[in-house]
1. Tally time: how many residues in the stretch 62-93 are within 16 Å of the ligand (Cβ to nearest atom) and open to solvent by 40 Å² or more (accessible area, probe 1.4 Å)?
2. Taking the stretch 111-129 as the region of interest, how many residues are open to solvent by less than 50 Å² (accessible area, probe 1.4 Å) and either more than 20 Å from Arg199 (Cα to Cα) or part of a helix (DSSP H, G or I) (or both)?
3. Go through the stretch 1-23 and report how many residues are among the polar types (S, T, N, Q) and either within 6 Å of the ligand (Cβ to nearest atom) or assigned to a loop (DSSP other than H, G, I, E, B) (or both).
4. Could you tell me whether any residue of the stretch 46-53 is crowded, with 17+ Cβ neighbours inside 10 Å, within 18 Å of the chain's Cα centre (by Cα) and of a type in the set (S, T, N, Q)?
5. Find all pairs meeting these conditions: Cβ atoms under 8 angstrom apart; at least six residues apart or on different chains; first residue within the stretch 1-14 and closer than 14 Å to Val106 by Cβ; second residue near the ligand (Cβ under 6 Å from one of its atoms) and assigned to a strand (DSSP E or B).
6. Going by the conditions given, is Pro222 at pLDDT 95 or above and not aliphatic (A, V, I, L, M)?
7. Any residue at all in the stretch 29-49 that is polar (S, T, N, Q), within 12 Å of the ligand (Cβ to nearest atom) and assigned to a loop (DSSP other than H, G, I, E, B)?
8. Quick check on Ser288: is it of a type outside the set (D, E, K, R), exposed (fewer than 13 other Cβ atoms within 10 Å of the Cβ) and at pLDDT below 95?
Amino acid sequence: MNCNLCPRMCGARRSIRPGFCGLGEEMVIARIAPHLWEEPPVSGTHGTGAVFFSGCTLRCVYCQNGEISHTGAGKVFSPLELSEALKRLTDLGMQTISFITGTPFVPRILDALSLWRPPLPLVWNTSGYERVETLRMLEGAVDVYLPDLKHFSSRMGQLCARAPDYFEAASAAIREMCRQTGPCRYDDQGIMTRGVLVRHLILPGLTGESMKLLTWIRDELPAGTPVSLMRQYIPCNHVSVPGLDRRITEKEYRRVRDHMQLLGLPGFLQEPDSADAGFIPVFNQKESFV
Ligand code: SF4
């Protein structure tokens, strides 16, 4: 079957050759393990059971997980093996389950969930580069969406990810996520049980893009949609886009943070010491799998 799961719609017959995402037909996973470094409503105090799928539909030039997004490193899992891993994560006392960049494997993920559905909020952690049609396949299975909203201009979408339609696709996708979940809901431990939490990573020299995206969130998404403003950009993969070869400055961070506060957006601000390569998970090693 030809794959059109993401906005690339490259139509690859993945049983014969991989698509833009670099993936064949088999479900490949680079890490299944407890993860403590998401936002508090996702990680809680015990962690989210994080499943990092290999490959990526966006493949940003600066991706800090380039080892899996660009090279597709990982192990092949069947739906049954994934469902068994989800049971192990649940038994470890995780407070949520997170599927990270799972878009190319949506049918197999749904197969795994039909075998066993964890009794925990299911979080779909995504670059935001999604098709509404594919998201509709997830309706009723996913409780919480955690999309990035990365680029406003098609020029930056093209430069960073060869996706000039990034904003067009991501803005439609995030609206669909909000429609599916309705307003955010939390349990008595502050864990999000329904809703959408939008992430934005500030890029060096691009505070104007950040501010336009935050204004769009205020104007277009339901009031109260929380935002996680991230400052941890680290130049990775010998990034070749001019200007992206440095971390953001304190002045850049404050400019965007002040704009978010002026807009009255609720959400989360990251600590300064989060821009540390030590927070990047280890992939595809023995200790990467529960
Ligand atoms: S998921 Fe991969 S193969 Fe499918 S349309 Fe997107 S890039 Fe192409």
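The values are calculated or read from the model by the stated rules, or taken from the named source; none is laboratory data. Note that the coordinates shown come from a computational prediction; the quantities given were computed from them, not determined experimentally. Glycine gets a Cβ as well: all are built from the backbone with ideal geometry, and neighbour counts include every protein chain shown. Only protein heavy atoms, including side chains, enter the accessible area calculation; ligands, DNA and RNA are left aside. Shrake-Rupley method; radii C 1.70, N 1.55, O 1.52, S 1.80 Å.
1. Step one: filter the stretch 62-93 for residues within 16 Å of the ligand (Cβ to nearest atom), giving 63, 68-72, 74.
Imposing the further condition that a residue be open to solvent by 40 Å² or more (accessible area, probe 1.4 Å) reduces the set to 70-71.
Matching residues across the stretch 62-93 total 2.
2. Adding up the residues that qualify gives 4.
3. Looking only at that region, the number is 2.
4. yes
5. Cys3/Ala12; Arg14/Cys3
6. Yes: the conditions hold for Pro222.
7. Checking the stretch 29-49: not a single residue is polar (S, T, N, Q), within 12 Å of the ligand (Cβ to nearest atom) and assigned to a loop (DSSP other than H, G, I, E, B).
8. Details: of a type outside the set (D, E, K, R): yes; exposed (fewer than 13 other Cβ atoms within 10 Å of the Cβ): no; at pLDDT below 95: yes.
No: the conditions fail for Ser288.
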